Amino acid sequence: MRHAWSITVVAMVLFALSDSAAQVNKSSKQAAVITHDATAARVSADATRPLKESAQAIALEYGLLVDYEDPGYQSSYDRADDTDPTWRAAHPSEPDVTTIAGKHFESEFTPITDAKNAGQLKASFSKLLTDYNGSANPGHFKLITNTAGRVSIIGDGIRDDKGLVIPTNPILDSPVTLTGTEGNIYLALMSVMKQVSSQTGFKMNPGTLPLNLVMQSQSTARGQQISARDAIIRIMDSSSKKLIYALLYDPDTKTYYLSMTIAAKATIGPYGVKKFQEVH
């Protein structure tokens, strides 16, 4: 096997049923941890993508709709060698396999008491992003919130070969069109990804998706020259479930993978067992 992590895309064609999966690191230590005291909460993560893990932990803690987008990482300041040593010894002249060079990250924020309060969400996640952008971790990120209680964390910068942060254009800023006749959610997503790829030159593929849901739910999303981000959110809103997305970038193949999951809130059940309840 060439490397310790892999991005696996399993495509079942015929009826365009995709069960793609993006795995972008080998570390098993990924989940962020949230702790509380009397007035504040703290999140910490040791992961290849510590901001994503931190945001996901906060989302699960409070039952929030939080989306995440990688920037297009390029330099060695944002990437780390992840080549399997055994494979490298047998293939010394082959290119390295890289992963995102995340380091330890932690941030203190005000606990969220109302998951629908846009002001609270903006304050808490703005603090998270300010702390992250001031750390030595990969990329640079901005925040978008809306009145429906959705938060989007968007990669808008990378570090160049000198380690300086330079702005980038998020690929989901690309304008796309939805006619409302694309069919099910899966086909509507494929239409968006095809349009984004043709405009940006980046490959964009489906990642991990809730297949039954996206194949059986019809997309009612429409829009002329709207951002791909807004199109994806409108497509997700066609579902009977609350969905969130993550757009992850593989710098080795220069490919973005769009994954979705059903939004959930973590609760502690009997005997201290953690359970997950759907967000409604």
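The values are calculated or read from the model by the stated rules, or taken from the named source; none is laboratory data. It should be emphasised that the depicted structure is a prediction, and the values quoted were computed from it without experimental measurement. Please note: Cβ atoms are built from the backbone with ideal geometry, for glycine as well, and neighbour counts cover all protein chains shown.
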Practice problem: Working only within the stretch 126-160, note down all residues that are over 21 Å from residue 52 (Cβ atoms) and either at pLDDT 95 or above or buried (at least 20 other Cβ atoms within 10 Å of the Cβ) (or both). | Solution: 160
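Restricting attention to the stretch 79-125, and to residues there that are of a type in the set (Phe, Trp, Tyr) and touching a Ser or Thr at 6+ places or on another chain (Cβ under 7 Å), which single residue is surrounded by the fewest Cβ atoms within 10 Å (Cβ to Cβ)? Break it down into steps so the answer makes sense when it comes.
Within the stretch 79-125, the subset of a type in the set (Phe, Trp, Tyr) is 87, 105, 109, 125.
This time we only want the ones that are touching a Ser or Thr at 6+ places or on another chain (Cβ under 7 Å), so: 105, 109.
Numbers: 105: 22, 109: 19.
Residue satisfying both the conditions and the ranking: 109.
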Practice problem: State all residues of the stretch 229-245 that are surrounded by fewer than 17 Cβ atoms within 10 Å (Cβ to Cβ) and small (Gly, Ala, Ser); if no residue qualifies, say none. | Solution: 240
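Restricted to the stretch 178-199, and to residues that are of a type in the set (S, T, N, Q) and part of a helix (DSSP H, G or I), which residue is surrounded by the most Cβ atoms within 10 Å (Cβ to Cβ)?
Quick first cut of the stretch 178-199, residues of a type in the set (S, T, N, Q) only: 179, 181, 184, 191, 195, 197-199.
Okay, now just the ones that are also part of a helix (DSSP H, G or I), so 191, 195, 197-199.
Values: 191: 21, 195: 18, 197: 17, 198: 11, 199: 14.
Among those that are of a type in the set (S, T, N, Q) and part of a helix (DSSP H, G or I), it is 191.
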Practice problem: Go through the stretch 210-228 and count every residue that is surrounded by 23 or more Cβ atoms within 10 Å (Cβ to Cβ) and either more than 9 Å from residue 260 (Cβ to Cβ) or within 15 Å of the chain's Cα centre (by Cα) (or both). | Solution: 3
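Take the conditions of a type in the set (A, V, I, L, M, F, W, C), out of contact with any Lys or Arg (no Cβ under 6 Å at 6 or more places or on another chain) and closer than 16 Å to residue 70 by Cβ and apply them to residue 143. Does it pass?
Values: of a type in the set (A, V, I, L, M, F, W, C): yes; out of contact with any Lys or Arg (no Cβ under 6 Å at 6 or more places or on another chain): yes; closer than 16 Å to residue 70 by Cβ: yes.
So residue 143 fits the description; yes.
Scan the stretch 3-25 and give yes if some residue there is modelled with pLDDT of 90 or more and either touching a strand residue (DSSP E or B) at 6+ places or on another chain (Cβ under 9 Å) or more than 25 Å from residue 168 (Cβ to Cβ) (or both), otherwise no. So that I can check it myself, show each step before the final result.
Filtering the stretch 3-25 for residues modelled with pLDDT of 90 or more gives none.
No - not one qualifying residue is present in the stretch 3-25.
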Self-check item: Failed condition for residue 35, given (1) surrounded by fewer than 22 Cβ atoms within 10 Å (Cβ to Cβ); (2) under 27 Å from residue 162 (Cα atoms); (3) β-branched (Val, Ile, Thr)
Solution: (2)
Quiz item: Is there any pair with a first residue in the stretch 90-109 that is part of a loop (DSSP other than H, G, I, E, B) and a second that is small (Gly, Ala, Ser) and crowded, with 19+ Cβ neighbours inside 10 Å whose Cβ atoms are under 7 Å apart and which are 6 or more apart or on different chains, and what are they?
Solution: 102/47
Practice problem: List every residue pair whose Cβ atoms lie under 6 Å apart, where the two residues are 6 or more positions apart in sequence or sit on different chains, the first residue falls within the stretch 192-206 and is farther than 15 Å from residue 178 by Cβ, and the second residue, located anywhere, is assigned to a helix (DSSP H, G or I) and of a type outside the set (Gly, Ala, Ser). | Solution: 200/171; 202/171; 204/193; 204/196
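Which of the residues spanning the stretch 58-89 are part of a loop (DSSP other than H, G, I, E, B) and either of a type outside the set (Ser, Thr, Tyr) or under 30 Å from residue 262 (Cα atoms) (or both)?
Here is the first cut: in the stretch 58-89, the residues part of a loop (DSSP other than H, G, I, E, B) are 63-64, 70-78, 82, 84.
Result: 63, 64, 70, 71, 72, 73, 74, 78, 82, 84.
Across the stretch 30-42, what is the total count of residues that are more than 24 Å from residue 80 (Cα to Cα) and touching a helix residue (DSSP H, G or I) at 6+ places or on another chain (Cβ under 7 Å)?
Total satisfying the criteria: 1.
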